[in-house]
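For reference, the structure is listed below as structure tokens.
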Amino acid sequence: MESAVRLRAAVTLLGRFPALAGVDLDITPGEIVLLKGPNGAGKTTLLRLCAGLCSLSTGQGWVLGHDLNSERRMVRRRVALLGHRTGLYDDLTVTENVSFWARAAGADSIDVDEAMERLSLTGRLADTRVARLSAGQRRRASIASLVVRRPELWLLDEPHAGLDQQTRDTVDALVRGAAAAGATVVLATHELERIAVLEPRVVSVVGGVVRADDDPADSESPDPSSEAEDDRRVS
Amino acid sequence: MFRDAWLIAGKDLRIEMRSRVGLNQIVPFAVTVLVLFAFALDTDQEALRTYAPGLFWVTVLLAALLAIGRSFAVDLADGAADRLLLSGIDPISVFGGKAAAIAVQLVVLEVLLGAGVVLLFDVTVHRYGLLVCAGLAAAAGVATAGTLYGALVAGLGVRETLLPLLLLPVVAPVLIGATRAFQDAFGVAGAEGWAWLGLLAGFAAIYGVFGAFSYGALLEEA
Amino acid sequence: MTTATTESTGTGDGIPATTSSRATKVLGWLTLAGFAVLVALAFAWVPEDTRITEQGDVVGQFDAVRLMFVHVPSAILAYTGFGLTFLASLAYVRWRTDWWDMMAHASAEIGVVFGVLTLVTGSIWGRPTWQTWWEWGDVRLVTTLVMVLVFVGYLAVRRIPADAVVQARRSAVIALVGAVNIVIVNRSVDWWENRTLHQQSTLIARKIRDETLFTLSFSFAVGMVLFAWLLLHRFRMAYLQRQIEELEVDEALAERRAEAGMSETQGGRP
């Protein structure tokens, strides 16, 4: 079966900084993968690379069967990347934002209604300008504008960070729903225990490379040695 | 392709209508520049009337820099630029949409500023057809070249200072052409206005084609 | 400075530690000798530019004409530089190799230097002959000025640290637009004023003296040698800079992998 993500000795330079220093990674379709590692390890760059937003300096990579060296545009339209930034326009309302991104992806207005419903962006909230939303509401609107694209690969970068309880639950539900629908989910988060119930495959990213994949059974008790390294990096 | 361009243009214009940055900041700025020109020329009504076309277009170019910068700043503010890349919309459509939205804003600016010139500098319009055509063609030229350069500097920290340096020498022919056409339209100098209109249209066409085809390569950030 | 930096890191990896070579040494000495001869010719051999009109008045440019031997070759070098930048950018778009990108950069820099020299000498020459430092109606003057401004912008973009590929792409677009622009500017300024102070094709008309013509041709030759000399050095400097960058990247990669606690080297630059 074709891999959802397949990277071979992938190196990505940000300027002259090797954010990724030779990543080998295979993700099969339908898998939930949790990227674990200290800040600055290259998780964000790895997700952006998989989205086709960063380029490979050397090495090879395929996402959903498309070559990252030559077919990045094909990759881009089939994935959804939820990053630190929401990708929303402050001066447009939630509905306007979601429908804009839906139409940009060629989706129907029915999809828009459904996505808004799913992320409980109904009633007065729907017609509120994004600038007036709370951080959690913004994140939900951002997710709604990604849901309408019906992506085959979800790339979530710290989706829980700085959010209220309701939105955290929404994110978990999103991951569950995506997995149930057969999509592949790759996420980087510090909230290991929230995701642990979904039994993800845990992949450690340290110093721009991927460590030998941890056994899924270990996912609930993260590898102590890498935790120690986390502390060293942070201090 | 046109559907997507329309979508982008509609989005940009809706944001501008909502935020009113153009109306509340760029237009007052442009009027201020006109007033400054009047001060600089020492309230000499005759000189103001003679130089009105040139002063008008310099003002439009300065204001255009702001409008172009604003158009890209909106996309960069919260990661929408990345989403546009991920949306799979053809870069040619993005270019067309953004250029069209900027052109519409410039035309609105020209109308308001034109009224300002008529009132403040005491000019009379002799040829309305030429005035309208030259205004539209110049707006299209500035918008296409501006969108191309706006995208070129969009990802850079120094974009506010770099855009004027790169764009103004390139739109110099628009300034020359539009000024001449307006001189003819205002009847302040015998210029072959319609010939200059040809230059303006040619400029817009060249940069439209060039921009459309290089836009994808420019947005393709590493 | 480049020489000093590469001395230690460069030689071990087979990277030359200098931008100099036998060819550039020969070109350098040729330039110097040629320039010495040119100075002698221009000041000692070429007579003053004077003409006696039918009314018996003595007219002409007198000693000022000697500026021609700097101004005209400068202008030609500037346009050669810009032209080469355009061609190299075109070649970059077609083949996407670093070589063409570096060539575009090197020639643009030389073009700007000689462009500025052209404007300055032209202005100095214009004062005694046209009685003005600057003439807005002159097509060539204004065209050259706009051209230099476009390429000053080009070099400004070049100076911004960025990913090599992104920068190469941006620069190529500016150079190509610049070339289109120069045609449009030239045409529009021409229509704008439709007059020029420049002497039209005096070389062809043969109004020019033989000594002057010879010296002018000689100055072109010296200019071309100078151009080749500068281009070789500038190109090699760009090349060495890339080599240093690659070494730095390799070093950073090794560090990054060490950070990951990997003993074996994995992946790497081909």
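Miscellaneous remarks
- You will find that of A:LEU56, A:LEU47, the residue that is within 21 Å of A:LEU187 (Cα to Cα), under 14 Å from the mean Cα position of the chain (by Cα) and either modelled with pLDDT of 90 or more or surrounded by fewer than 19 Cβ atoms within 10 Å (Cβ to Cβ) (or both) is A:LEU47 and no other.
- Residue within region C:171-182 that is more than 30 Å from C:LEU67 (Cβ to Cβ) and surrounded by fewer than 21 Cβ atoms within 10 Å (Cβ to Cβ) present: yes
- Look at region A:111-124: where a residue is on the phi > 0 side of the Ramachandran plot and a partner is hydroxyl-bearing (Ser, Thr, Tyr), sitting 6+ places away or on another chain with Cβ atoms under 9 Å, you get A:SER120/A:THR170.
- Residue among A:GLY106, A:GLY65 that alone is more than 15 Å from B:ASP78 (Cβ to Cβ) and modelled with pLDDT under 90: A:GLY106
- Condition check for B:ARG70: in contact (Cβ under 8 Å) with a residue 24 or more places away in the chain and basic (Lys, Arg): yes
- Boolean, B:GLY69 is over 19 Å from B:GLN105 (Cα atoms), more than 14 Å from chain A (Cβ to nearest Cβ) and within 19 Å of the chain's Cα centre (by Cα): no
- In the set (1) under 24 Å from A:ILE143 (Cα atoms); (2) in a helix (DSSP H, G or I), B:ASN24 fails one condition alone, (1).
- Subset of region C:46-90 (residues that are farther than 23 Å from C:TRP125 by Cα and at pLDDT below 85): C:GLU54, C:GLN55, C:GLY56
- Some residue of region B:158-165 being of a type in the set (A, V, I, L, M), under 19 Å from C:ILE182 (Cβ atoms) and within 8 Å of chain C (Cβ to nearest Cβ): yes
- Failed item in (1) modelled with pLDDT under 90; (2) touching a strand residue (DSSP E or B) at 6+ places or on another chain (Cβ under 8 Å), with A:GLY40 passing the rest: (2)
- Scope region B:160-179; condition touching a residue at least 60 places away in the same chain (Cβ under 8 Å) and within 23 Å of B:ALA140 (Cβ to Cβ); matching residues: B:LEU163, B:PRO164, B:LEU167, B:LEU168, B:VAL171, B:VAL174, B:LEU175, B:ALA178, B:THR179
- Tally of residues being crowded, with 22+ Cβ neighbours inside 10 Å and within 27 Å of B:ARG49 (Cα to Cα) across region B:70-108: 3
- Against the list (1) of a type outside the set (Val, Ile, Thr); (2) buried (at least 21 other Cβ atoms within 10 Å of the Cβ); (3) facing chain C (nearest Cβ under 8 Å), the condition A:ASP24 fails is (2).
- The residues in region A:85-95 that are more than 7 Å from chain B (Cβ to nearest Cβ) and surrounded by fewer than 24 Cβ atoms within 10 Å (Cβ to Cβ) can be counted, and the count is 2.
- Against the list (1) more than 8 Å from every other protein chain (Cβ to nearest Cβ); (2) closer than 17 Å to B:TYR215 by Cα, the condition B:CYS133 fails is (2).
- Selection from region B:182-209 of residues that are buried (at least 17 other Cβ atoms within 10 Å of the Cβ), among the aliphatic types (A, V, I, L, M), within 11 Å of another protein chain (Cβ to nearest Cβ) and outside any loop (DSSP other than H, G, I, E, B): B:LEU199, B:LEU200, B:ILE206
- Test: residue in region A:36-50 that is more than 23 Å from B:LEU219 (Cβ to Cβ), facing another protein chain (nearest Cβ under 8 Å) and touching a helix residue (DSSP H, G or I) at 6+ places or on another chain (Cβ under 6 Å): no
- Being surrounded by fewer than 22 Cβ atoms within 10 Å (Cβ to Cβ), in contact with a strand residue (DSSP E or B) (Cβ under 7 Å, 6 or more places away or on another chain) and either at the interface with chain B (Cβ under 9 Å from one of its Cβ atoms) or not basic (Lys, Arg) (or both) is a property that C:THR129 has.
The values are calculated or read from the model by the stated rules, or taken from the named source; none is laboratory data. Remember, it's a predicted structure, so these values are computed and weren't measured experimentally. Backbone-built Cβ (ideal geometry, glycine too); neighbour counts: all protein chains shown.
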